[in-house]
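One structure is given below, encoded as structure tokens.
The values are calculated or read from the model by the stated rules, or taken from the named source; none is laboratory data. Keep in mind that what you see is a predicted model, and the values were worked out from it rather than measured. Please note: Cβ atoms are built from the backbone with ideal geometry, for glycine as well, and neighbour counts cover all protein chains shown. Surface areas here come from the heavy atoms of the whole protein model, side chains and all, with no ligands, DNA or RNA. Shrake-Rupley method; radii C 1.70, N 1.55, O 1.52, S 1.80 Å.
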Amino acid sequence: MNTTVSVVNSEPALETASPTRRRWHVARCMAEPRIVWEALKVALVVGTVLNLINHGAQLWALRPVTLWQVALNFVVPYCVSSYSAARNEAQSSRGK
């Protein structure tokens, strides 16, 4: 005897959802601890390399650097990494 269970989902599928709903889904994915942790690791590595490239001469000469530029070298890779991971997560959940 073959039994199948049908599950009815009250929410529309993500691929047929409105763009606003898809954006919120990506935003929720960006807040997942796993994605946050991975994005922080990427930001630390990439931000350090970018700071060495952009401010290396100033750092070695012990001259002051602009803190907001240093911070942006970490924030931008974090945003790109977390958005990419969340977008990938959202797209892969559509197929499930």
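Filter the range 66-92 for residues that are surrounded by 12 or more Cβ atoms within 10 Å (Cβ to Cβ) and over 15 Å from the mean Cα position of the chain (by Cα) and give the result. Quick ask: steps written out before the conclusion?
Looking only at the range 66-92, we keep the residues that are surrounded by 12 or more Cβ atoms within 10 Å (Cβ to Cβ), and these are 69-91.
Residues satisfying the conditions are Gln69, Val70, Ala71, Leu72, Asn73.
Quick check on this structure: which one of Gly47, Gly56 is open to solvent by less than 60 Å² (accessible area, probe 1.4 Å), modelled with pLDDT under 95 and in a helix (DSSP H, G or I)?
Numbers: Gly47 fails: modelled with pLDDT under 95.
Matching residue, one of Gly47, Gly56: Gly56.
Which condition number does Glu15 fail, the rest of (1) surrounded by fewer than 12 Cβ atoms within 10 Å (Cβ to Cβ); (2) at pLDDT 95 or above; (3) not aliphatic (A, V, I, L, M) being met?
The failed condition is (2).
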